[in-house]
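Since the structure comes first, as structure tokens, the remarks are kept for the end.
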Amino acid sequence: MFDVDRALNLWRSEVLRRALHLQSVVLDSSREFLRNQGFIEILPVIISPITDPLTDHRVRGEVECYGFKYQITKSMIFHKQMALLSHPRIFCFSPNVRIEAVERQNSGKHLIEFVQLDLEVREATRDEVMALGEALLRSIIQAVIERCQPDLEFFGRKLVVPESPFPRITYREAEAKFGPDFEEELSRSHHEPIWVIDFPIEGREFYDREDEDRPGTLVDMDLIYPEGYGEALSGGEREYQLERICHRIEQKGIQLEAFAPYLEVARRGLYPSAGFGLGIERLTRYLCGLRQIELTRLFAKLPGQLSL
């Protein structure tokens, strides 16, 4: 049952009002930064025959139209690659739907509907998009400090623009130090953002590029917020050669037919590229110092709850 009283209390709250104001500055400053870097903004894709498999390709939100089956977008990864055929530097504020386990309802950081700032750069390397991600985050934090001081005071938040370059740790190093579920401990142990790089191939998707010189290791990365706020963004270099893509799909135990339209485009040629997705609600949560992600957007949808 929909809890209307709870929703009304949230919508009328000063916490949400100020979080939304700060979030608006995040959106504006992101657009300003990326346009100055030569990016163009493209419109989001809501439904498509293909979307991100996200490890468990069986979990599918589907819509049938005109006899065709469409999936609700989990991420625009494939559309970003294809968009580079039109323009070399693109970004999008992409709504994503991911049906999370009910057990994640109280994690403080999971929504089943959220928005990513998704970007992709033609013929870029991982190091280049990591540098871009650092500059973007620094620019956003500087804008929030300059334009949202009353909001930061309300939240009791004192932000500092982190120095670049951010520290790096490999997945294997983080796992050895903090255990297999290292994200939260790694995040709590740092006071500045930190990169995790070189994920093992079995833990990620088929579109993340495998390093030819280090089989089994992917040329990818996650950025982790400090203070226990967890993952900020995820990305890396992409597989773009048809044979490699098909091999990686089959390695995952997925039928090639599931991605037939994408493979037909790849057959005609995709560019090498790299990019990432940055969660807007999680960024808002971090900047405001909030523990509950539902306080970062109107009509927030937590796993297992009926929401508007």
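The values are calculated or read from the model by the stated rules, or taken from the named source; none is laboratory data. Here the structure is a predicted model, which is why all the values come from computation and not from measurement. Cβ atoms come from the backbone with ideal geometry, glycine included; neighbour counts cover every protein chain shown. For accessibility, only protein heavy atoms count, side chains too; no ligands or nucleic acids. Shrake-Rupley method; radii C 1.70, N 1.55, O 1.52, S 1.80 Å.
Between amide H atoms placed 1.01 Å from N, distances below 5 Å from Asp208 occur with Glu239, all of them 5 or more places distant or on a separate chain. Which chymotrypsin sites (Phe, Trp or Tyr not before Pro) does the range 61-109 hold that lie in a coil by DSSP with at most 10 other beta carbons within 10 Å? Listed in order of number, the matching sites are Tyr66. Under the simplified labelling scheme, the Glu173-Gln142 pair shows an inter-label distance of 2.7 nm, with each label point 7 Å from Cα along Cα→Cβ. Along the charge dipole of the chain, which of Phe206, Met1, Gly269 sits closest to the positive end, that is, farthest toward it, with unit charges on the beta carbon of Lys, Arg, Asp and Glu (+1, +1, -1, -1)? Value: Met1.
Could you do me a favour and compute the accessible area per residue for the chain, 1.4 Å probe, result in Å²?
Roughly 48 Å² per residue, with all protein chains present.
Coordinate range of the alpha-carbon atoms in the range 143-211 per principal axis, descending: 45, 26, 20 Å.
Sort Ile90, Ile47 by heavy-atom solvent-accessible area, probe 1.4 angstrom, most to least. Kindly include the intermediate steps, with their values, before the conclusion.
Details: Ile90 0, Ile47 65 Å².
From most exposed to least exposed: Ile47, Ile90.
Exceedance of the 25 Å cut-off in Cα-Cα distance is limited, within the set Lys109/Lys158; Lys74/Lys252; Lys177/Lys301; Lys109/Lys252, to Lys177/Lys301; Lys109/Lys252.
Run the helix sum for the chain: -39,500 (n - 2.57) per DSSP H stretch of 4+ residues, divided by residue count, reported at 222 nm to the nearest 500 deg cm²/dmol. Numbers along the way, then the final one.
Values: 10 runs with 109 residues, N = 308.
Rounded to the nearest 500, it is -10500 deg cm²/dmol.
Can you tell me the orientation of helix 14-36 relative to the chain, as the angle in degrees between its alpha-carbon axis and the longest Cα principal axis, to the nearest 10? With rounding to tens, the tilt is 40 degrees. Does the range 92-210 come out rounded, prolate or oblate, given a ≥ b ≥ c as the square roots of the eigenvalues of its C-alpha gyration tensor, rounded meaning a/c under 1.5 and, failing that, prolate meaning a/b above b/c? Rounded.
Of all accessible surface on the range 255-308 at a 1.4 Å probe, what whole percent is carbon and sulfur? Could you put the intermediate results ahead of the total?
Details: 1280 of 2220 Å².
Summing carbon and sulfur atoms, their accessible area is 58 percent of the total for the range 255-308.
By accessible area, using a 1.4 Å probe on protein heavy atoms only, the range 142-241 has 46% of its surface on carbon and sulfur.
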